Amino acid sequence: MGLTLFGVTAVLEALVLDAYLGNALLAVFVASGLEASKVLAVVLYRVLRGQTEVPYPRSVRWMTVSFRTMLLVLSGVCSLMFLAQHLDRPRLEAVRAADLAAAQAQYEEDQTSAQKAYVQRREQTFARLSEQEHRERDMLAERYLPAIKALEAKLDAEMNNVVGGEFQGKRYRALESRLQHEKDAYARASTNLDQTAAERQAEVIERLEQERRSELARLAQNYQTRTTFIRNDSYIGDARVEHPMALAFVNVLGAVFHRQPSTLQFVLVFSLFLSVTMELGIWVAFEHLTLARLPVFAAEHRAELYVGSKAAETDSELRGFALEEALAQEKVRRKRRSIQEVLREHLDDKLASDDGQHSPVI
């Protein structure tokens, strides 16, 4: 159990440290070293606290406790960050992207609708202008064409009046002048009507274009405001971005206690609870393992001391036996040398006496 929890906390710390360090191998080494130090601190604290041969200084004890507390806080912070990433609005970016896509689609739809409305207004306005122009042309025709036709008829009739062999008399010229005047007036009126219609059409086109640009600018501004709000929105309280299990849990709490906590509060409490539980599991596992192994360690230590002492005694006895054997050998060697020297002297004396008996007398 302790090794499993050790591995879980090490993996959590490695994942969080990798996000900050940007180096997976370094994050694994750092997390493994810190977690191994935590286990070593638990074991050494129990071993040194339980032994009585060497005093355990209070400063070292407080340093060990502080180190374990720092590791506990680090593990809790890493668990909080890891769980917050997975439980606090995990679908935030997906919902944000969907809202941005919906805003984009709505903006394009509004642009299309604005363009259709512009075309429709333009067609309707041009139809009204064309109808107004037709009415004005009909009014001009009613104003000038009957008089022109009457003058033309009179002028044709006047051509039959021949005076002195000529039909272009004063009356004819007067009718012709009046007819030309009416035609010129009708042409001027038609030209003025064409200019007025063109000016009205240009004015209407400019107004419609201005309205279209204003509408498109308004839509663009609304789209920019909407997308800015979506990008800056935290989506707190939006059920679409929450984790389903976390949301269901806080909803149940709200139904039971009549005050629903936020998902962030749930993430904080749950991550701290999980971190403390894992740390307690590691502490309990290695604390009990150390307590269970301490008698064995003590027995093994006593056995090693006994074996060492017996080995020292045996070595001392063996060294004593070797010394006695060396002394005995030295005594034997000395005895033998003395015997050899005595025998050598006796032999020399005998040889000397034998030489004295057999030598000739001079």
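Quick note: the coordinates plus some simple rules give every number you see, no bench work behind them. Computed from a predicted structure; not experimentally measured. Reconstructed Cβ throughout: ideal geometry from the backbone, glycine too, with neighbour counts over all protein chains shown.
Things to note:
- Area projected by the alpha carbon convex hull of segment 94-232, averaged over all directions, nm²: 10.2 nm²
- For HIS181, HIS86, order by how many other beta-carbon atoms lie within 10 Å, fewest first: HIS86, HIS181
- Annotation: peptides 251-260, 88-97, 134-143, ranked by per-residue average of other Cβ atoms within 10 Å with the highest first, follow the order 88-97, 134-143, 251-260.
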